[in-house]
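Report on the following structure.
The values are calculated or read from the model by the stated rules, or taken from the named source; none is laboratory data. Owing to the predicted nature of the structure, the values given are computational and were not obtained by experimental measurement. As a convention, Cβ positions derive from the backbone with ideal geometry for all residues, glycine included, and neighbour counts pool all protein chains shown.
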Amino acid sequence: MMPEIAIPPSGEGFEPKIIGFLCNWCAYAGADKAGTFQTPYPPNVYVIRVMCTGRIDPQFVMRAYELGADGVIILGCHPGDCHYKEGNYRALQRHRLLVRLLKQFGIAEDRCRFEFVSASEGTRFVSVITSMVETVRALGPLRNNQ
Amino acid sequence: MKVGIYFCSCGTSISERISSARLMESLHGHTEAVYLEAIDFMCSEEGKAALESNLRDNAPDRVVIAACSPRDHEPTFRRVLASAGVNPYLMQMVNIREQVAWVTPDPARATEKAARLIRGAVARIRLHQPLDRQELDVCPEVLVVGAGPAGLKAAFTLAEAGRRVTVVEKSPVLGGLPVRFEEIAPTMECGSCMLEPLLGEILHGEHSGRIEIRTLAEVVDVVGFHGRFTARIRQSPRYVSSELCVGCGECIPVCPVSATNEFNCGLNERKAIDVPFPGALPNVPSLDAHTCIRFRGEDCQACKAACPVGESVIDHAQAAQMIEREVGAIVVAIGASLYDCRKLPDLGYGRIGGVLTALDFERILASNGPTAGLLQLAGHESPDAVAIIHCVGSLDVRRNDYCSAVCCQYAFKFNHMIETKLPGTKVLHLYKEIAVPGKHESSILHRARANPNAAFVRYGDIQDIRVSDSAGNPNVAYRDTTGSLGSFDADIVVLCPAVVPSDSAANLAATMDTNCDRFGFFEELHDRLDAGRSTVRGIYLAGACQSPMDIQHAMSQGAAAAGYILSGLVEGKKLYVEPITASIDAERCSGCRVCGKVCPYKAISFDADKEVSVVNAVLCQGCGTCVAACPAGVIEGQFFTDRAICAELAGVLE
């Protein structure tokens, strides 16, 4: 496997930029729930709301990296809970394939995560986001913009 | 293009961590032709009025509202935009409360995050096009499939409210299963007496003119959507005119041929022209062409000759016909079936005399049944002992893991009826679990427990019970949950089979594009919140087609289905269809049909003439799965277009 094309972690001061694609019904509601609990979490994840994770074209993920994202996280409904019956399964399938493609581009698998978060799982949302930010922080910037 | 950004401070909820002044600074230089207005408590009446008047004064081309979650107030602000004369879909909300201010303690970082999100929203909203909700005239008529308690209740409730209803019933008789029961648990009311007033209303009452009853009919195709379905119905011939027949029954005794009567579970015979059982409604005999010798080439006219009304009442030349009905909504109330006890050969059903299913036993107990209510099987003495085996095929992980919900009620009803008809008869209940919840239902359990001739034995697995033939009578050998072995010589063994999906459920579900669940029952939209709705808009579920249920629940669900329809399908009202749907560019579609395969709503059809896929905007729910799947990239997800999402990404990551 090709090593990742990234500068080594610069340590101090690196704030990763991460795009979060969240489905409207479960994950976005879970994020709102974390807000209602007022549980702090790192502000590095910028949420793009879609109605269903099934809408997420793998090209959106590629575009996010191209535009400077250091990581992408896709959050959808738990299996069987999809508001649109099965969009989350489609998204999961696409993610599996995409990760294989990303590896060929030299982008570490950990920079593109897929997780299930339900509307009630505010606490889980916070822990998933926190761990994603820490993972990407440890990996360092995807490219050297300096 | 002028973009108005409206910032809600939400008291101090937002402004404590994000300052509008600093936001504006951070937006300068990034976006041209943008203004920012702060409005406190924008969702309040004053806030909405301030927003509306500001929108009128500033007349922005696009609007960004930085406030709470769009899950809270997107519809609120869309309405404000509409009343201010701005297309409501030219607005993007940015969630700076739940997803920024409340979770980011450091004001500098909160403001920076908010600014990025707003830049993303501004970038995408510029690309949005005005969208309009589609308006449709609703068709207020309703189709009810199935004429059991649930279907009849739905039909009558709708007719009472002035709706025209077509009821389609597969069998020649109305009332479903309960009209075949002598008594109904737990109050021991006579089954036909309980339903007759409702049936009378439906057939001859004040609102009967609005109810079209079609017995011996089946739905064969459904196309369309909520508010506008077209149902095709196959009407099989009855050979007897429902309009002309007076129900005198003169044609029945003269008929020279008989066949097994399926309405009495094969326990007696009926004529080729007959009523299923005395008192069956509508009171019009039907002719069974498989039995009638005229259909085998013989020139029999016996029934026709006996009819005192006239020659035209019985018409052997009647043919099946296809009819169509335009309806706005459909109620599925086809009921359920019973588990086939022959699949458990150790229980002896169909093999050993005296072994009956609960439905067979209901007919034995019924005064209009094969024994006229006499608790005695042909060629046998009155019984001294009856074994009732509960949970046959239910609560069984290898068969049906659910409880069938109604068996305990009727099993204890049997106990009571046996004790009333033949006092002193021994009754053995063999059960896995006893379940009789409800304020009235428990009384029947207490009564059964108080019967001094009744015994209760709990077994663990249906394989622990074996019914064998002991000199012409069934013997029940069993092992209880403690491991003790027992044996019971019975005259009658009653099996309580699991309530299972109707044989026609899968076909009907496929016809209507609704779903069945893992058991094969109709799947509800939500099993707690919306058990009366199917997964397709405008198709409602009532009764045991959705889950095993008793008459009380079936009736309530029938009324609930009518309620859904009366609130969602109001005559004269328009149907509004959200514009956030997919649309296919027919010019560029290659006709590969990948989109149709991934659509969870069958909203995409294939136009064979033009060789392109087409989205039905009313059926489309806007998930966007097809948009992402289209290999040619020619499907546009309205509001969530590729361009808008990529612009938002660019704005956020700038």
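When residues of the range B:565-618 are filtered for being in a loop (DSSP other than H, G, I, E, B) and away from every other protein chain (no Cβ under 14 Å), how many remain?
If we filter the range B:565-618 for residues that are in a loop (DSSP other than H, G, I, E, B), which is where we start, we get B:569-573, B:578-581, B:585-593, B:599-603, B:608-611, B:616-618.
Subset that is away from every other protein chain (no Cβ under 14 Å): B:569-573, B:585-593, B:608-611, B:616-618.
Residues that pass the stated criteria total 21.
Which one of these does B:Ala387 not meet: (1) among the aliphatic types (A, V, I, L, M); (2) farther than 22 Å from B:Cys545 by Cβ; (3) free of Cβ contacts under 8 Å to residues at least 60 places away in the same chain?
(3)
Hey, can you tell me all the residues within the range A:49-59 that are more than 7 Å from chain B (Cβ to nearest Cβ) and more than 19 Å from A:Arg124 (Cβ to Cβ)?
Residues satisfying the conditions are A:Pro58, A:Gln59.
For the range B:628-654, which residues satisfy the criterion of being within 9 Å of chain A (Cβ to nearest Cβ), out of contact with any Gly (no Cβ under 6 Å at 6 or more places or on another chain) and in a helix (DSSP H, G or I)?
Those that are within 9 Å of chain A (Cβ to nearest Cβ), out of contact with any Gly (no Cβ under 6 Å at 6 or more places or on another chain) and in a helix (DSSP H, G or I): B:Ala628, B:Ala629, B:Asp642, B:Ile645, B:Cys646, B:Leu649, B:Ala650.
For the subset of the range B:32-54 comprising residues that are surrounded by fewer than 16 Cβ atoms within 10 Å (Cβ to Cβ) and over 48 Å from the mean Cα position of the chain (by Cα), which member is modelled with the highest pLDDT? Give the derivation first.
Initially, the range B:32-54 is screened for residues surrounded by fewer than 16 Cβ atoms within 10 Å (Cβ to Cβ), giving B:32-33, B:35, B:44-46, B:49, B:53.
With over 48 Å from the mean Cα position of the chain (by Cα) added as a condition, the list becomes B:32-33, B:35.
On the way: B:Glu32: 70, B:Ala33: 78, B:Tyr35: 91.
Filtering first and then ranking leaves B:Tyr35.
Could you please give the count of residues in the range A:102-120 that are more than 16 Å from the chain's Cα centre (by Cα) and modelled with pLDDT of 95 or more?
Summing the residues that are more than 16 Å from the chain's Cα centre (by Cα) and modelled with pLDDT of 95 or more in the range A:102-120 gives 2.
Is the range B:107-127 home to any residue that is touching a strand residue (DSSP E or B) at 6+ places or on another chain (Cβ under 6 Å), touching a residue at least 24 places away in the same chain (Cβ under 8 Å), of a type in the set (Gly, Ala, Ser) and more than 18 Å from B:Ile539 (Cα to Cα)?
Checked against the condition, which is being touching a strand residue (DSSP E or B) at 6+ places or on another chain (Cβ under 6 Å), touching a residue at least 24 places away in the same chain (Cβ under 8 Å), of a type in the set (Gly, Ala, Ser) and more than 18 Å from B:Ile539 (Cα to Cα), the range B:107-127 yields at least one hit.
Can you tell me which residues in the range B:517-551 are closer than 20 Å to B:Ala231 by Cα and either among the polar types (S, T, N, Q) or in contact with a His (Cβ under 9 Å, 6 or more places away or on another chain) (or both)? Break it down into steps so the answer makes sense when it comes.
If we filter the range B:517-551 for residues that are closer than 20 Å to B:Ala231 by Cα, which is where we start, we get B:522, B:533-542, B:545.
Selection gives B:Arg533, B:Ser534, B:Thr535, B:Val536, B:Arg537, B:Gly538, B:Ile539.
Applying the selection to the range B:17-56, what residues are touching a residue at least 24 places away in the same chain (Cβ under 8 Å), closer than 18 Å to B:Leu117 by Cα and of a type outside the set (A, V, I, L, M, F, W, C)?
Passing the criteria: B:Arg17, B:Ser19, B:Arg22, B:Ser26, B:His30, B:Thr31, B:Tyr35, B:Glu37.
Restricting attention to the range A:119-138, which residues are away from chain B (no Cβ under 14 Å), out of contact with any strand residue (DSSP E or B) (no Cβ under 8 Å at 6 or more places or on another chain) and not charged (D, E, K, R)?
Residues satisfying the conditions are A:Ser131, A:Ala138.
In the range B:1-31, which residues are of a type in the set (S, T, N, Q) and part of a loop (DSSP other than H, G, I, E, B)? It would help to see each step written out before you state the result.
Going residue by residue through the range B:1-31, those that are of a type in the set (S, T, N, Q) are B:9, B:12-13, B:15, B:19-20, B:26, B:31.
Within the range B:1-31, B:Ser9, B:Thr12, B:Ser13, B:Ser15, B:Ser19, B:Thr31 qualify.
Report the residue count in the range B:341-350 for those that are touching a strand residue (DSSP E or B) at 6+ places or on another chain (Cβ under 8 Å), assigned to a loop (DSSP other than H, G, I, E, B) and closer than 23 Å to B:Ala378 by Cβ. Outline the logic, then answer.
The initial filter retains those residues of the range B:341-350 that are touching a strand residue (DSSP E or B) at 6+ places or on another chain (Cβ under 8 Å), namely B:341, B:344, B:346-349.
Now narrow it down to the ones that are assigned to a loop (DSSP other than H, G, I, E, B): B:344, B:348-349.
Okay, now just the ones that are also closer than 23 Å to B:Ala378 by Cβ, so B:348-349.
Matching residues across the range B:341-350 total 2.
Which condition number does A:Asp81 fail, the rest of (1) surrounded by 19 or more Cβ atoms within 10 Å (Cβ to Cβ); (2) of a type outside the set (Ser, Thr, Tyr); (3) part of a loop (DSSP other than H, G, I, E, B) being met?
(1)
For the range B:477-551, give me every one of the strands (runs of 3 or more DSSP E) that falls completely inside it and has 1 or more residues that are of a type in the set (D, E, K, R) and within 14 Å of chain A (Cβ to nearest Cβ). Even if it seems obvious, please write down each step before you answer.
Numbers: elements: B:485-489, B:492-497, B:499-501, B:524-526, B:530-534, B:539-541.
Of the strands (runs of 3 or more DSSP E) lying wholly inside the range B:477-551, those with at least 1 residues that are of a type in the set (D, E, K, R) and within 14 Å of chain A (Cβ to nearest Cβ) span B:524-526, B:530-534.
For every residue, the table says whether it meets (1) closer than 15 Å to B:Asp340 by Cα; (2) at pLDDT 95 or above; (3) of a type in the set (D, E, K, R); (4) crowded, with 21+ Cβ neighbours inside 10 Å.
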{"site": "B:Gly486", "(1), (2), (3), (4)": "no, yes, no, no"}
{"site": "B:Ile492", "(1), (2), (3), (4)": "no, yes, no, yes"}
{"site": "B:Pro497", "(1), (2), (3), (4)": "yes, yes, no, yes"}
{"site": "B:Pro501", "(1), (2), (3), (4)": "yes, yes, no, yes"}
{"site": "B:Ala505", "(1), (2), (3), (4)": "no, yes, no, yes"}
{"site": "B:Asp513", "(1), (2), (3), (4)": "no, no, yes, no"}
{"site": "B:Leu525", "(1), (2), (3), (4)": "no, no, no, no"}
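Scanning for something touching a helix residue (DSSP H, G or I) at 6+ places or on another chain (Cβ under 9 Å), of a type in the set (D, E, K, R), part of a strand (DSSP E or B) and modelled with pLDDT of 95 or more, does the range A:16-34 turn up at least one residue?
no
Yes or no: the range B:314-335 includes at least one residue that is modelled with pLDDT under 95 and either hydroxyl-bearing (Ser, Thr, Tyr) or within 30 Å of the chain's Cα centre (by Cα) (or both).
yes
Search the range B:409-423 for residues that are without any contact (Cβ under 8 Å) to a residue 40 or more places away in the chain and pair each with any residue that is outside any helix (DSSP H, G or I) and of a type in the set (A, V, I, L, M) when their beta-carbon atoms are under 8 Å apart and the residues are at least 6 apart or on different chains.
B:Asn415/B:Ile388; B:Asn415/B:Val427; B:Asn415/B:Ala454; B:Glu419/B:Val427; B:Glu419/B:Ala454
Keeping to the range B:86-110, report how many residues are out of contact with any His (no Cβ under 9 Å at 6 or more places or on another chain), within 10 Å of chain A (Cβ to nearest Cβ) and not hydrophobic (A, V, I, L, M, F, W, C).
Number of matching residues: 8.
Looking only at the range B:181-232, filter to residues that are surrounded by fewer than 18 Cβ atoms within 10 Å (Cβ to Cβ) and among the aliphatic types (A, V, I, L, M); which one of those is farthest from the chain's Cα centre (by Cα)?
Selected residue: B:Met188.
From the residues in the range A:19-48 that are more than 7 Å from chain B (Cβ to nearest Cβ) and closer than 16 Å to B:Ala647 by Cα, which one is nearest to the chain's Cα centre (by Cα)?
Taking the candidates together, the pick is A:Gly20.
Does the range B:438-450 contain at least one residue that is part of a loop (DSSP other than H, G, I, E, B) and at pLDDT 95 or above? Steps first, please.
Filtering the range B:438-450 for residues part of a loop (DSSP other than H, G, I, E, B) gives B:438-440.
Within this subset, residues satisfying the condition of being at pLDDT 95 or above are none.
There is no residue in the range B:438-450 that is part of a loop (DSSP other than H, G, I, E, B) and at pLDDT 95 or above.
When you scan the range A:60-86, how many residues do you find that are modelled with pLDDT of 95 or more, out of contact with any strand residue (DSSP E or B) (no Cβ under 6 Å at 6 or more places or on another chain) and within 8 Å of chain B (Cβ to nearest Cβ)?
4
Which residues, taken from the range B:358-402, are under 35 Å from the mean Cα position of the chain (by Cα), among the β-branched types (Val, Ile, Thr) and surrounded by fewer than 20 Cβ atoms within 10 Å (Cβ to Cβ)?
Selection gives B:Val397 alone.
Taking the range B:595-635 on its own, how many of its residues are free of Cβ contacts under 8 Å to residues at least 24 places away in the same chain and in contact with a His (Cβ under 8 Å, 6 or more places away or on another chain)?
1
Restricting to the range B:55-69, give me the number of residues that are assigned to a helix (DSSP H, G or I) and surrounded by fewer than 21 Cβ atoms within 10 Å (Cβ to Cβ).
3
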